[in-house]
Amino acid sequence: MTTRYINTDLEVVSEEDLESLTKLLQPNSDVLHSEKLSDGLWHLSVEAEGSGLIGSADHDPNRDIEKLLTLIEGLDEGHRAILTRAKTFEFDVGLEHSGSRPERVLSLPSRTLARIQAVSATLGVTVYPLENRWTKPRARPEWNVAVREARPEDADAWLALRRALWPQGLEAEHRREIEQFFGGELPRDPWAVLLAEDERGRLVGLAELSLRAHAEGCRSSPVAYLEGWFVAQEARGRGVGWALVAAAESWGRSQGCSEFASDTSADNHAAAAAHRSVGFQDAGPVRCFRKNL
């Protein structure tokens, strides 16, 4: 029986505009999303900056909660009031658990609990089954999504997602690679393609996967690699990216891998924050070089 800490999100749902609050929090935290949704309410989700790798000694819920509390306590009176008036103002601690029902899921120092009470926030705990957490993403209750392998009839939808992720690529090139993938003729990655399907049957996200002999910061070989990861704009902030990565991790384990890696450009801060939000640890920048022969 195992219980493992994943991360802590600060979740805010408010009738008031949260844009200025987001700008204040952004320099010292990872803003997962901040937007006004179709329900007419603003939804803000924030994670502590620099949260450690899942399972490491510095990956601790109290540490992450205290970081977020320090940010809140440092806000001006007006923005503190916005949080107090919000419909939801909660620290959501995510845990994974395998085995029977856990007897104890979280233990926090009394001083941390007192600080949470002092800012008028609530504390919530979400426990995900370790063995099948990819089927139950961190999604809002009104948003259901399933992750499955790509099928030939998905070709057009996969093409649209690919073009949104890599707009610099030619449509004909994307289409040719998709045809080769389904025909078993693609000479290189991806080895597997996972698609996220919403409750209306729309494909709203993808994860393209491969195995690499080596990846920056990894010590084992082969390494499961996230070659492409994308969620459609209208589906972001609802757990779709999390579901895709969790399913990709399951695929990696099925291939005998013990590590999972990915990359993004050095200046893509939104992508970096998204990677950290699902447990990736920064392995450092990589500079690439070329020359003609």
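Consider the range 199-220 and keep the residues that are open to solvent by less than 10 Å² (accessible area, probe 1.4 Å) and in a strand (DSSP E or B). The one that is farthest from Asp154 (Cα to Cα) is Ser210. When Glu227 is tested against (1) out of contact with any Lys or Arg (no Cβ under 8 Å at 6 or more places or on another chain); (2) among the charged types (D, E, K, R); (3) assigned to a loop (DSSP other than H, G, I, E, B), only condition (3) is not met. Here Gln233 meets the list (1) surrounded by 12 or more Cβ atoms within 10 Å (Cβ to Cβ); (2) under 30 Å from Leu44 (Cβ atoms) almost entirely, failing just condition (1).
For the range 113-128, the candidate set comprises residues that are open to solvent by 40 Å² or more (accessible area, probe 1.4 Å) and of a type outside the set (S, T, N, Q); within that set, the residue that is modelled with the lowest pLDDT is Val127.
Trp191 falls short on exactly one of the conditions (1) open to solvent by 10 Å² or more (accessible area, probe 1.4 Å); (2) closer than 13 Å to Trp158 by Cα, and that condition is (2).
The values are calculated or read from the model by the stated rules, or taken from the named source; none is laboratory data. Small disclaimer: the values here were computed from a predicted structure and weren't measured. Heads up, the Cβs are rebuilt from the backbone with ideal geometry, glycines too, and the neighbour counts pull from every protein chain shown. What goes into the accessible areas is simple: the full protein's heavy atoms, side chains included, and nothing from ligands, DNA or RNA. Shrake-Rupley method; radii C 1.70, N 1.55, O 1.52, S 1.80 Å.
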